[in-house]
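Worksheet: one structure, shown below.
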2 protein chains.
Amino acid sequence: MTIKTPGSPGTSQRVTSHDVSREAGVSQSAVSRAFTPGARISPEMRQRVFDAAQKLGYKPNAIARSLSTQRSGIVALIVGELHNPFYPQALSQFAQALEARGKRALLLTHDARQDIQETLDAASSYQIEAAIVFPTRLNSTAPSLGDVSQGGVPVLLFNRHLPGRELLSVACDNHSGGRLAAQVLLNSGARRLAFIGGDPDTSTHQDRLNGFVERLAESGLGPLATPSLSFRYDWGVQATLDLHAAGHLPDAVFGANDIIAIGVLDALRSLGRRVPEEVSVIGFDDIQESARLAYRLTTIRQPLEAMIEDALAALGDPQPGFGPRLHPGELIWRDTVRAATA
Amino acid sequence: MTIKTPGSPGTSQRVTSHDVSREAGVSQSAVSRAFTPGARISPEMRQRVFDAAQKLGYKPNAIARSLSTQRSGIVALIVGELHNPFYPQALSQFAQALEARGKRALLLTHDARQDIQETLDAASSYQIEAAIVFPTRLNSTAPSLGDVSQGGVPVLLFNRHLPGRELLSVACDNHSGGRLAAQVLLNSGARRLAFIGGDPDTSTHQDRLNGFVERLAESGLGPLATPSLSFRYDWGVQATLDLHAAGHLPDAVFGANDIIAIGVLDALRSLGRRVPEEVSVIGFDDIQESARLAYRLTTIRQPLEAMIEDALAALGDPQPGFGPRLHPGELIWRDTVRAATA
DNA sequence: CTGAAAGCGCTTACAG
DNA sequence: CTGAAAGCGCTTACAG
């Protein structure tokens, strides 16, 4: 791909601070100062520069500024597959939050075939100030990520944590969330509870499962089944169909995330099972889709805004500490869990 | 946000080509050449440089390179709201396609309150080579976009076109797609056809509607109703409910996109109407969700890959021409349109 | 093929 | 407050 120059080709010469300084009859330093927020410059000078800049259509070159200041203002956002709508939502909110802070988001993709380290290296050549990874493709078996922060740029895992690695991470308090899901289902009178899990190698999955099982145990129960595979709609459907075929249909299911829970709902419907009369279903995330008329899914919401703020705060903190930063989930009560029995 | 330096603070000094040249005992130009693909340099020299670079952990600074070469390798991706899953999909595929070409994607958001021109200006300070806008928030009343390409960077509208402006755009052939939808519905025996539209100010909406109406007219029919508002699920639901309340329930509906059509499906279901027995429904886009068990939506697929390739090709072309570049939609036959009557 | 040097467009001590 | 100058880390004619 090469650059083309539509419109007047002559105009395409980039106008620089030198051009402006000439036009305004001041030094080049002056024009630089005029465009630097806290700089020592008289209002008259600044105005004079602005007028000339306006006239010439001057815009400071952020690349040159980055080189000079040694701060790019760029944060890398690294995403894998986007099957789960939770991620696009997080992605765009991150981009906005970054912009609000005067930063820019460099979007990088990461697929299963490549080591995430390569992606990070590629990003770091742009002198990124931090990298936020949305680990749709990353589980605890991921290699070498532990070394990343050595390069000097902080890496933050969003919505997952890797135990024992020196990485920043922010996530929902999935363990408590798992407990909450169990609690809600138990309250509704359910006794045959199943968990349909996502990728078993992820902390997200594990924490939700452990919290769920822990709470069940406190009521003297164990899960009926905990089939787990991946955080995808198809899997939610499949697992439900399998359970049914095996004659193990539960009276309540906790889907490891909403997209799975929605699969469960669709499968149940195709099986002619009524929700919540025969089977209660609860999910996790509260993606937009869960509120739809066709689902009205009861779920545990991840406090996305708070998590994003916190992620950015952690990245800005010189001594953040490496444990996962946890945020409590919030129960969103809709129509897929039976009302509590009296 | 400031940079922190985890790990060994001493290590955080960026290693530059000078460090490498010193280590390798060669000139700085040599190390630059070693990292420049087509450069004239002997294999021995290159290897020597690579060894030193490896030892020091050197990575070329892309920011400095950009400044020097006057080519940033950065393409801006500008997105608005992401209610429609079509866009995240397009977004991540664009990012991948760009990476495959050695380019980087700068992600910018654009909300309704701000002029898109501001967003483009912000982007252009990073010396972007092109901007691709996903016009979820942009309709034909958008101001000033016509001036954008003056700045020297080509702007491409994805999935929409603005008549009469000198902008690149690639889109599906929505007019033919609208005709195709009408055709399919007519073949199924429908006679009372409605179109539930999106934002009436968009070319996407208009072209689909016009094609649809045109084909209907050829069969001596007119649309039963064409309520239009926005490309959102909620609107699909609402419009269907309204039609029903007004006693105008059609025997076939063409949803201006899949997300609307899915809303229609959900509303129909809540009304106790059977699809496709009582009402046929067809959508547009073929988002992943449309294939789900609960919907199995018959729809017209936008050839996303081809559109993305073409977009990148157009951006690389010095003389692209400004008409919209149209790609034919493909009928995806699933379960929401009645089989053709004999 | 290799090196010394100028230059990309800024920022920022340093003097005044 | 203002200007001249050095420097950020590369690339690329220009000589050799």
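The values are calculated or read from the model by the stated rules, or taken from the named source; none is laboratory data. Since the structure is predicted, the reported quantities are computational estimates derived from the model, not experimental observations. No Cβ is skipped: glycine too gets one built from the backbone with ideal geometry, and neighbour counts run over all protein chains shown. The protein model used for the area step is the full one, side chains on, heavy atoms only, and it has no ligands, DNA or RNA in it. Shrake-Rupley method; radii C 1.70, N 1.55, O 1.52, S 1.80 Å.
Which whole-Hz ³J(HN,Hα) couplings does the range A:16-21 yield from phi under the Karplus relation 6.51 cos²θ - 1.76 cosθ + 1.60, θ = phi - 60°, glycine and proline marked x?
These are the phi-based 3J(HN,Hα) values: 10, 5, 5, 4, 5, 4 Hz.
Ordering B:229, B:167, B:249 by how much accessible area each has at a 1.4 Å probe, largest first, what is the list?
If we order B:229, B:167, B:249 from most to least accessible, we get B:229, B:249, B:167.
Quick one: how many Å² of residue B:309 are accessible to a 1.4 Å probe, rounded to 10?
Here the residue's solvent-accessible area equals roughly 90 Å².
Hey, what do the phi angles of the range B:217-231 turn into as Karplus ³J(HN,Hα) couplings, whole Hz, using 6.51/-1.76/1.60 and θ = phi - 60°, x for Gly and Pro?
Each residue's phi maps through the Karplus curve to give 4, 4, 9, x, 10, x, x, 5, 6, 9, x, 9, 8, 7, 7 Hz.
Once the Cα atoms of helix B:304-316 and of chain B are each reduced to a long axis, what angle between those two axes, in degrees from 0 to 90 to the nearest 10, is obtained?
50
When a/c is below 1.5 the answer is rounded, else prolate if a/b is larger than b/c, else oblate, so apply that to the range B:174-303 with a ≥ b ≥ c taken from the square roots of the Cα gyration tensor eigenvalues.
Rounded, since a/c falls under 1.5.
How many percent of DSSP beta bridges within chain B run antiparallel, rounded to 5?
Expressed as a percentage, antiparallel bridges in chain B total about 10.
Hey, can you grab everything whose amide H is under 5 Å from the amide H of residue B:228? Only 5+ residues off in sequence or another chain; H modelled, so Pro and N-termini drop out.
Here the answer is B:197, since their amide H atoms fall under 5 Å of that of residue B:228.
Can you compute the modelled spin-label distance between residue A:40 and residue B:322, with each label point 7 Å from Cα toward Cβ, in nm?
My value for the distance between the label points is 4.9 nm.
Work out the length of the dipole vector of the range B:174-303 about its Cα centre, built from +1 on the beta-carbon of each Lys and Arg and -1 on the beta-carbon of each Asp and Glu, and round it to the nearest 20 debye.
Roughly 340 debye, rounded to the nearest 20.
Quick check: from the Cα gyration tensor, does the protein assembly as shown come out rounded (a/c under 1.5), prolate or oblate?
Oblate, since a/c reaches 1.5 and b/c is not below a/b.
Would you tell me the accessible area of residue A:228, worked out with a 1.4 angstrom probe on the heavy atoms of the protein chains, in Å² to the nearest 10?
Result for residue A:228: roughly 40 Å² accessible.
Which ³J(HN,Hα) values in Hz, rounded to whole numbers, follow from the phi angles of the range B:58-71 under the Karplus curve 6.51 cos²θ - 1.76 cosθ + 1.60, where θ = phi - 60° and Gly and Pro get x?
Ordered by residue, 3J(HN,Hα) equals 7, 10, x, 8, 5, 5, 5, 4, 4, 5, 6, 7, 6, 9 Hz.
Just to make sure I understand: if all protein chains stay in place, what is the order of A:36, A:298 by accessible area at 1.4 Å, largest first?
So the residues, ranked largest to smallest area, are A:36, A:298.
Given a 1.4 Å probe and the protein chains all in place, what does the accessible area of residue B:132 round to, in Å² to the nearest 10?
0
Report the net charge of residues surrounding residue B:326, where surrounding means a beta-carbon distance below 10 angstrom and charges are Lys +1, Arg +1, Asp -1, Glu -1.
It works out to a net charge of -2.
Keeping every protein chain in place, order B:115, A:258 by accessible area at 1.4 Å, biggest value first, i.e. largest first.
B:115, A:258
If you take the accessible area of A alone, add that of B alone, and subtract the area of the pair, what total do you get in Å², probe 1.4 Å, to the nearest 100?
The contact between B and A buries close to 6400 Å².
Give me the net charge of residue B:285's neighbourhood, meaning all other residues with Cβ under 10 Å from the Cβ of residue B:285; Lys, Arg count +1, Asp, Glu -1.
Every neighbour counted, the sum reads -2.
Hey, got the dipole for the range A:35-85? About the Cα centre, +1 on K and R Cβ, -1 on D and E Cβ, debye to the nearest 20?
Using Cβ point charges on Lys, Arg, Asp and Glu, the range A:35-85 gives about 280 debye.
Sorting check: for B:58-68, B:231-241, which peptide has the highest mean count of neighbouring beta carbons within 10 Å, and how do the rest follow?
B:231-241, B:58-68
What are the nm distances, shortest first, from residue A:28 to its equivalents in the other copies, labels at 7 Å along Cα→Cβ?
Inter-copy label distances (nm, one decimal, shortest first): 1.7.
For chain A, with only Lys/Arg (+1) and Asp/Glu (-1) charged at the beta-carbon, what is the dipole magnitude about the Cα centre, in debye rounded to 20?
Dipole about the Cα centre, nearest 20: 1080 debye.
Normalised by the residues of chain B, what does the relative contact order come to in percent, with Cα pairs under 8 Å and at least six apart?
With pairs under 8 Å counted, the relative contact order is 14 percent.
Taking a label point 7 Å out from Cα toward Cβ, give me the nm distances from residue A:15 to the same spot in the other copies, shortest first, one decimal.
Shortest to longest, the spacings are 4.4 nm.
Per DSSP H run of n ≥ 4, the term is -39500 (n - 2.57); total these for chain A, divide by its residue number, and report the mean residue ellipticity at 222 nm rounded to 500 deg cm²/dmol.
Calculated from helices alone, the mean residue ellipticity at 222 nm is -11500 deg cm²/dmol.
Tell me which residues come under 5 Å, amide H to amide H, from residue B:329 once H is placed; ignore anything under 5 positions away on its chain.
Correct list: B:173, B:177.
Identify, among A:116, A:319, A:238, the residue whose Cα sits farthest towards the positive end of the charge dipole of the protein assembly as shown, taking +1 on the Cβ of Lys and Arg and -1 on the Cβ of Asp and Glu, with the dipole about the Cα centre.
A:319
Assume the label is 7 Å from Cα along Cα to beta carbon: what separations in nm does residue A:309 have to the matching positions in the other copies?
With the label placed 7 Å along Cα→Cβ, residue A:309 yields 4.7 nm.
Return, ordered by residue number, the residues of the range B:295-330 whose backbone nitrogen is under 14 Å from a label point located 7 Å along Cα→Cβ of residue A:111.
Answer for this model: B:305.
Please list, ordered by chain and number, the residues whose modelled amide H lies under 5 Å from the amide H of residue B:157; skip anything fewer than 5 residues away on the same chain.
Those lying under 5 Å, H to H, from residue B:157 are B:133, B:168, B:169, B:170.
For helix B:233-245, report the angle its Cα long axis makes with the longest principal axis of the Cα atoms of chain B; keep it between 0 and 90° and round to the nearest 10°.
10
Can you tell me how the range A:297-342 classifies by the Cα gyration tensor, rounded, prolate or oblate, using a/c under 1.5 as the rounded cut?
In terms of gyration-tensor shape, prolate.
Can you count the Lys pairs in the protein assembly as shown with C-alpha separation below 23 Å, eight or more apart or on different chains?
Value for the protein assembly as shown: 9.
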